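Please treat every number below as a calculation from the coordinates, not as lab data. Worth saying up front: this structure is predicted, and the values here are computed from it rather than measured. Neighbour counts are summed over all protein chains in view; Cβ atoms, including those assigned to glycine, are modelled from backbone coordinates with ideal geometry.
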Amino acid sequence: SYGESFTCGLATVGGTVCGMVSSNGELIDADGCAKAARFVRFCDAFAIPVVTFVNAKGFTSLKEASKLSHAYAEATTAKIAVITGMAYGAAFIALAGRAANADVTLAWPSAVISSLNPEAAVSILWNEKLAAMKNPLTDRPKLVKEYMDTEASPMNAAASGYIEDVIAPAETRSRLFAALDMLAGKRVTTLPKKHSNIQL
């Protein structure tokens, strides 16, 4: 099927029609970006709230990623993001961060939210710790795990203001109900212009 790195569809949440977007946990390819971008723009055209489940390592195509990021940033409909797994770098910024204009961003306790892939982050940010290890090759996974549990944890992201709350997976449906109810009256007035300048 087309754009398998994303699953998109319409669903009702507590009686509210929503556009559901879910990444598959791997790198998002060009077709997936185009598919999700078109779907988000469709939802925005009809003021349909967009709920995004984020679990992605990044993108394979910067050109197509810019289209997806533009679609999310420009959309004025209600946008809720739930980080269920990985949210690394550009994937977090495009789908769930402040840059995506997300109204509410939630995360599961198992989520990993990092500006870099944890392996790369350890090499760059924790280079001194890595160099101090007796056997960096075998001990490196332990350091990566420590980084994911501390610096890249959802608790740290919440404390830094990158997300609104950390929730248990079982609470997801009820928290979506509450967020959609809160955002039901959302109205955004933009500056007058014919249209935006989408990346082509």
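Once the chain from Ile124 to Ala159 is taken as fully extended at 0.36 nm per residue, the excess over their C-alpha distance is 10.3 nm.
Lys-Lys pairs in the chain that are eight or more residues apart or on separate chains and whose Cα atoms lie under 25 Å of each other come to 25. Based on the Kirkwood approach, the hydrodynamic radius assigned to the chain is 17.6 Å, with every pair of different Cα atoms included.
Which length gain, in nm to one decimal place, applies between Asp139 and Ala99 when the Cα-Cα distance is subtracted from 0.36 nm times their residue separation? Spell out each step's value before the answer.
Details: separation 40, 0.36 × 40 = 14.40 nm, distance 3.55 nm.
That pair, Asp139 and Ala99, stretches by 10.8 nm at full extension.
Relative contact order of the stretch 31-131: 27 percent, from C-alpha pairs under 8 Å at least 6 residues apart in sequence. Length available on full extension from Asp181 to Ser110: 0.36 nm per residue minus the Cα-Cα distance, which gives 22.9 nm. Each Lys and Arg Cβ is given +1 and each Asp and Glu Cβ -1; about its Cα centre, the chain then shows a dipole of about 480 debye. Of all DSSP-defined beta bridges confined to the chain, some 30% are antiparallel rather than parallel. What range in the chain is the longest one free of trypsin sites (Lys or Arg not before Pro) that are in a loop by DSSP and have at most 12 other Cβ atoms within 10 angstrom? It works out to 1-133.
If you take the Cα centroid of the stretch 100-141 and the Cα centroid of the stretch 1-45, the two points sit 27 Å apart.
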